[in-house]
Structures are given as C-alpha cells and as structure tokens.
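The values are calculated or read from the model by the stated rules, or taken from the named source; none is laboratory data. Since the structure is predicted, the reported quantities are computational estimates derived from the model, not experimental observations. Note: ideal-geometry Cβ built from the backbone for every residue, glycine included; neighbour counts use all protein chains shown. These area figures cover heavy atoms from the full protein model, side chains too; ligands, DNA and RNA do not enter into them. Shrake-Rupley method; radii C 1.70, N 1.55, O 1.52, S 1.80 Å.
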Amino acid sequence: MNHFISKDGELFCEQVAVAEIACQVGTPVYIYSKATLTRHFQAFDEAFASIRHLTCFAVKACSNIAILNLFAGLGGGSDIVSGGELYRALRAGVDPRRIIYSGVGKTEAELRYALESNILLFNVESAQELERLQQVARSMGVAAPVSFRINPDVDPHTHAYISTGLAKNKFGIPIAEALALYIQAEGMEHIAVQGVSCHIGSQLTLIAPFIEALYKLKLFVKKLADSGIVIQYIDLGGGVGITYNDEQPPHPQEYGEAIIKELQGVDATIIFEPGRVLVGNAGILVTEVQYTKTNQGLEAAKKFVVVDAAMNDLTRPSLYGAYHAIAPVRATAAALEVVDIVGPICETGDFLAKDRALPAVAQGDLLAVMSAGAYGFSMSSNYNSRPRVAEVLVDGNQYHIIRQRESLADLINGEQIP
Ligand SMILES: *Cc1c(COP(=O)(O)O)cnc(C)c1O
C-alpha cells in the first residue's frame with residue numbers, strides 16, 4: 001500500500017500533484033511519500049512488537065538524511081556499510097547505540113571512526129577484519145562490540161547479483177569455521193563478543209529461506225552456548241522483497257509471525273536490517289519525454305521514447321534487468337504502443353524499460369517510474385557529466401526539497417588543472 005494515487009487521471013503523491021512538483025522543481029526528480037515511509041516502517045516494526053528487537057534501516061537503500069531522520073524519529077536505527085553512511089546517520093540524528101556496521105571491506109580509518117562514534121555493533125566478516133578491529137580498539141583503549149556475520153549457505157532464490165548468503169558469495173564466515181573464530185575472539189582483550197548475524201540476499205519473495213537461515217543460526221547459537229559463549233544479539237539482516245511487477249512478497253506481518261515462531265525459546269535481542277521493503281514503494285522517479293523516434297529495421301520498426309532520466313539516475317534496469325512499472329503522470333486515452341524507454345547516455349545499456357506497452361506519448365509529457373525509492377537515487381552517479389537529480393519529500397499537502405539538484409559547478413567540484 002502506498003500514497004501514489006491517480007485522481008481523475010492525474011497522479012498524486014499524497015495530496016500534491018506530481019506534475020506540480022515536476023513543474024516547480026524540474027525533471028528528473030525523485031519524489032518520496034512521508035506517509036508511505038512511515039507506514040512501511042511501522043508495519044515492519046510492529047510485526048515484531050511482541051519480541052525484543054531493533055529495526056535498523058539499511059542506509060544504502062536510500063541514504064538521504066531526511067529519510068534517515070524520519071526513521072530515527074520512529075525509533076529506528078541504521079545498518080551502515082561505510083564510513084560515509086556512518087557520517088550520514090550521525091548527521092541525520094540517528095542514535096549511535098542504534099547503529100550497526102556491516103560489510104566485507106571496512107578500512108582502518110572506518111573502524112576507528114565507528115569506534116569513536118560508539119556504535120552498537122560491528123558485523124565482522126573475516127578473521128583478518130577481527131584482527132584489525134582488535135588492533136584499532138587496542139590503540140584507542142576500548143573494547144569493540146562484535147557480531148560475526150555467518151554465511152549460512154542458503155539459497156535466497158533471487159537475482160544472482162543480490163544473493164549474499166551462499167557459500168560462493170563473498171559475504172560472511174562459513175558456519176563451519178565460525179566457532180573457532182568465536183573462541184579466538186572471546187580470548188581477545190579488545191573485542192567484546194555480543195552477537196551473531198546473517199544477511200542472505202535482497203528482494204526475497206519467499207519466507208522459507210529466511211527460516212532456513214534462522215534455523216541454522218539457532219543451532220549455531222546453541223553450539224556457542226555449549227562452548228560457554230552467550231550472545232545477546234541475533235541479527236537476521238534485511239532482504240524482504242517488494243512488488244515491482246507481479247511479485248508476491250510476504251507481508252511484514254506474515255514474515256514477522258514466521259520469524260517469531262521460529263524464535264521460540266531464544267533469549268536475545270533480534271536485529272533487523274530492512275532496506276528495500278521500507279522505501280522501495282515509497283518513491284518514484286519522474287522524467288520528461290524529450291523525443292520519440294522510430295528506427296526502421298529489416299524486421300519490425302522499433303519505437304523509442306527518449307526521456308531525460310538515464311541509467312546514471314536509476315541504474316537498476318541496466319544493472320539487473322530490473323522491471324519498474326512506468327506510467328504517464330497524466331493518463332491519456334492514446335492507444336498503446338510497444339516502446340523502449342531510454343535515456344540520453346551513450347550506452348546501449350541505457351534504458352529504463354524495454355518492449356513496454358505504453359500509451360503513445362509526446363514531447364514534454366511526464367512519466368512516472370514507479371517503485372524507485374530503493375537503490376534509486378542512492379545508486380546514482382554523474383556518468384556522462386549529468387548532475388544528480390533533486391529529491392523531494394511530500395508530507396500531506398506540502399512538499400520539501402530534501403536534496404537540491406546538482407549544478408554544473410558541482411560537477412567539477414574538487415577538480416584541478418595542474
Ligand atoms: C543491502 C543490505 C541490507 C538491506 O537489504 P534489503 O534487501 O534492501 O532489505 C541489509 N543488510 C546488509 C548487510 C546489506 O548489505
């Protein structure tokens with residue numbers, strides 16, 4: 001459920017006409033709905049109301065400080081994967097005691113920054129990272145709070161690029177090797193072992209892989225206890241999918257019930273790291289048609305709609321072949337035609353949709369790329385020297401620019417001719 005709704009053929013975000021924002025702020029523009037973000041956070045968080053838990057939004061899904069601040073105000077924390085995300089979370093007002101740090105490649109400087117910031121937990125992903133963390137903590141005279149990220153070797157049945165919990169993926173520590181590492185860590189003066197974590201992938205539409213991973217984690221926690229290692233946190237990662245097209249992901253309530261059932265008898269605080277499920281359907285990308293053209297080939301003619309948004313603004317279609325629904329901001333009665341919706345970038349891979357049935361559009365028409373709130377702006381770049389677009393947050397009948405469109409001067413900021 002989200003608050004992007006058509007009224008009399010005109011697309012609204014809450015009570016604001018999308019065309020009005022496009023007119024005032026320009027295109028392309030990302031538009032988020034505060035009511036939808038709030039609703040999604042609460043639906044997820046309330047699914048676990050009956051257990052001790054912490055919901056840490058995965059910052060990389062949508063990193064704007066206004067969004068991080070919104071979730072912090074609802075009681076959420078942050079799951080970060082870089083020093084940059086730590087900076088954002090702190091600047092957004094997220095309580096450091098609700099920040100957890102994941103990722104396979106944390107640098108010494110990043111570890112130091114996170115220790116200085118007094119974050120809740122490091123999800124350590126290798127023996128060498130543990131060693132480095134111990135050294136940095138020793139140099140600061142502190143003990144680093146640690147969970148190990150276990151790779152449970154579970155198939156999440158999702159796109160290969162976003163599966164992370166299989167033995168062949170780079171993430172985590174094989175479950176068979178983890179016990180030895182826990183025992184080693186217990187003996188380290190500047191490491192405080194506190195938890196166990198896993199994150200098996202993204203855009204999961206089945207509950208079973210989550211339960212399988214949790215089951216393996218539970219067995220492992222029992223093994224730890226048998227070795228005298230008692231942990232306080234179990235982190236189940238993120239990964240709950242959303243509907244882009246015809247997927248039928250579990251409702252948070254259903255996911256919550258299944259997890260809580262599997263957790264019976266477990267005494268720990270459960271951490272979640274949802275990203276996509278909180279923000280994906282709470283944001284759209286609005287783009288304006290620049291040109292339409294038809295390339296007459298040997299076979300059928302191919303129709304293109306060239307828009308002002310491109311793969312640098314929304315990379316998911318190019319990177320994963322991902323599907324996003326695309327609709328005119330103002331409905332028309334025009335006949336459907338099958339088109340490729342493409343951007344201005346000099347790459348054949350620059351498309352938002354291929355072979356898509358769309359009502360015939362003309363220069364100047366606005367299109368809404370739906371479900372673009374997750375891994376949309378946060379994955380955008382300046383490729384082809386395109387300024388990154390503006391982000392807008394709608395709240396009822398008001399809207400706020402939460403990130404200015406970049407200027408041409410921004411493009412060369414920091415560059416120098418020697
Ligand atoms: C990306 C990521 C998440 C969030 O995944 P979603 O599919 O967006 O929920 C959570 N935890 C870790 C460690 C991640 O890398």
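Counting only alpha carbon atoms, the long axis of helix 208-226 and the longest principal axis of the chain meet at about 20°. The mean sequence distance of close C-alpha pairs (under 8 Å, at least 6 residues apart), as a share of the length of the range 34-279, puts its relative contact order at 22 percent.
Each Cα pair under 8 Å and six or more residues apart adds its sequence gap; the mean of these over the residue count of the chain is a relative contact order of 19 percent. Against the empirical 2.2 N^0.38 Å (N residues), the range 34-279 has a Cα radius of gyration ratio of 0.95.
Of the beta bridges in the chain, as assigned by DSSP with both residues counted there, near 50 percent are antiparallel. Computed from Cα positions, the angle between helix 127-140 and the longest principal axis of the chain comes to roughly 80 degrees.
Cross-link list Lys293/Lys354; Lys216/Lys261; Lys302/Lys354: which exceed 18 angstrom alpha carbon to alpha carbon?
none
On the range 34-279, 49 percent of the accessible area sits on carbon and sulfur atoms, based on a 1.4 Å probe. Between Gly187, Gly93, Gly373, the GNM of the chain built on Cα springs shorter than 10 angstrom shows Gly187 fluctuating the most. Computed over the chain, the convex hull of the alpha-carbon atoms projects to a mean area of 23.0 nm². Put simply, when 156-166, 275-285 are sorted by average Cβ atoms within 10 angstrom per residue, most first, you get 275-285, 156-166. Alpha carbon centre of the range 74-138 versus the range 275-308: separation in Å? Computed from Cα coordinates, the inter-centre distance equals 38 Å.
Available extension along the chain between Glu177 and Ile51 is 42.4 nm, counting 0.36 nm per residue and deducting the alpha carbon span.
A simple spin-label model places pseudo-atoms 7 Å from Cα toward Cβ; at Val266 and Val142 they are separated by 2.8 nm. Springs between alpha-carbon pairs under 10 angstrom, Gaussian network model over the chain: which of Thr294, Thr27, Thr107 fluctuates most? With Cα springs under 10 Å in the chain, the top fluctuation among Thr294, Thr27, Thr107 is at Thr294. Which residue, Pro274, Pro152, Pro249, tops the fluctuation ranking in a GNM of the chain built on C-alpha contacts under 10 Å? Greatest mean-square fluctuation among the candidates belongs to Pro249. Normalised per residue, the accessible area of the range 34-279 is 41 Å², obtained with a 1.4 Å probe and no contribution from ligands, DNA or RNA.
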